[in-house]
1. Across segment 91-106, what is the number of residues that are in contact with a Leu (Cβ under 8 Å, 6 or more places away or on another chain) and in contact (Cβ under 8 Å) with a residue 40 or more places away in the chain?
2. So which residues in segment 76-104 are under 18 Å from GLN28 (Cβ atoms) and within 11 Å of the chain's Cα centre (by Cα)?
3. Of all residues in segment 65-94, how many are surrounded by fewer than 17 Cβ atoms within 10 Å (Cβ to Cβ) and in a loop (DSSP other than H, G, I, E, B)?
4. In segment 29-41, which residues are touching a Gly at 6+ places or on another chain (Cβ under 8 Å) and in a loop (DSSP other than H, G, I, E, B)?
5. Given the criterion polar (S, T, N, Q) and in contact with a strand residue (DSSP E or B) (Cβ under 8 Å, 6 or more places away or on another chain), identify the matching residue among GLN97, GLN111, GLN79, GLN56.
6. Within segment 95-115, can you find the residues that are small (Gly, Ala, Ser) and either touching a Gly at 6+ places or on another chain (Cβ under 8 Å) or outside any loop (DSSP other than H, G, I, E, B) (or both)?
7. Only residues that are assigned to a loop (DSSP other than H, G, I, E, B), free of Cβ contacts under 8 Å to residues at least 24 places away in the same chain and not hydroxyl-bearing (Ser, Thr, Tyr): list them for segment 1-22, please.
8. Consider segment 1-55. How many of its residues are polar (S, T, N, Q), touching a Ser or Thr at 6+ places or on another chain (Cβ under 9 Å) and either under 29 Å from GLY109 (Cβ atoms) or at pLDDT 95 or above (or both)?
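The values are calculated or read from the model by the stated rules, or taken from the named source; none is laboratory data. For clarity, every value in this text was computed on a predicted model and none was experimentally measured. Positions of Cβ are generated from backbone atoms using ideal geometry, with glycine treated the same way; all protein chains shown enter the neighbour counts.
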Amino acid sequence: MSVTIPDCIFCKIVTKEIPANLIYEDDQVIALKDIHPRAKVHLLLIPRIHVPSLAQLETKHEGLMSHMMLLLPNLAHRQDLHRGFRIIINTGKGGGQEIDHLHMHLLGGPQLPGF
């Protein structure tokens with residue numbers, strides 16, 4: 001599972017070309033604190049393989065996506081987000097995606113604004 005893109009900042013973090021303070025990693029994903037947090041707790045969950053966005057997922061990524069979704073509550077629990085949390089996947093420029101590498105935002109802390 002080592003498909004990366006040389007000019008992708010998240011791929012460079014995954015391959016440790018760029019240092020990051022990882023709070024979790026396994027053979028499929030890494031998790032780190034967002035450097036521009038939008039909530040008291042703002043984590044990024046990033047797959048090790050390069051998939052540009054949710055729109056480019058294929059059936060071969062089912063296991064990866066299941067792994068990510070099942071991992072999120074565990075990461076939230078580790079951050080003491082017992083009252084709840086929010087998961088966001090921005091997709092495409094029009095959807096607010098700033099980095100063309102699939103990732104999930106986990107947000108929590110004091111009451112988040114309604115959606």
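1. Narrowing segment 91-106 to residues in contact with a Leu (Cβ under 8 Å, 6 or more places away or on another chain): 91, 102-106.
Now narrow it down to the ones that are in contact (Cβ under 8 Å) with a residue 40 or more places away in the chain: 102-106.
Here the count works out to 5.
2. ILE87, ILE89, HIS101, LEU102, HIS103, MET104
3. So the answer is 7.
4. Residues of segment 29-41 touching a Gly at 6+ places or on another chain (Cβ under 8 Å): 39-41.
Within segment 29-41, ALA39, LYS40 qualify.
5. Values: GLN97 fails: in contact with a strand residue (DSSP E or B) (Cβ under 8 Å, 6 or more places away or on another chain); GLN111 fails: in contact with a strand residue (DSSP E or B) (Cβ under 8 Å, 6 or more places away or on another chain); GLN56 fails: in contact with a strand residue (DSSP E or B) (Cβ under 8 Å, 6 or more places away or on another chain).
Checking each option against the conditions leaves just GLN79.
6. GLY95, GLY108
7. Keep residues of segment 1-22 that are assigned to a loop (DSSP other than H, G, I, E, B), which gives 1-8, 15-21.
Keeping just the survivors that are free of Cβ contacts under 8 Å to residues at least 24 places away in the same chain gives 6-7, 15-21.
Once the filter is applied, which keeps residues that are assigned to a loop (DSSP other than H, G, I, E, B), free of Cβ contacts under 8 Å to residues at least 24 places away in the same chain and not hydroxyl-bearing (Ser, Thr, Tyr), segment 1-22 yields PRO6, ASP7, LYS16, GLU17, ILE18, PRO19, ALA20, ASN21.
8. Going residue by residue through segment 1-55, those that are polar (S, T, N, Q) are 2, 4, 15, 21, 28, 53.
Now restrict to residues that are touching a Ser or Thr at 6+ places or on another chain (Cβ under 9 Å): 2, 4, 15, 53.
From what's left, either under 29 Å from GLY109 (Cβ atoms) or at pLDDT 95 or above (or both): 15, 53.
Counting residues in segment 1-55 that are polar (S, T, N, Q), touching a Ser or Thr at 6+ places or on another chain (Cβ under 9 Å) and either under 29 Å from GLY109 (Cβ atoms) or at pLDDT 95 or above (or both) gives 2.
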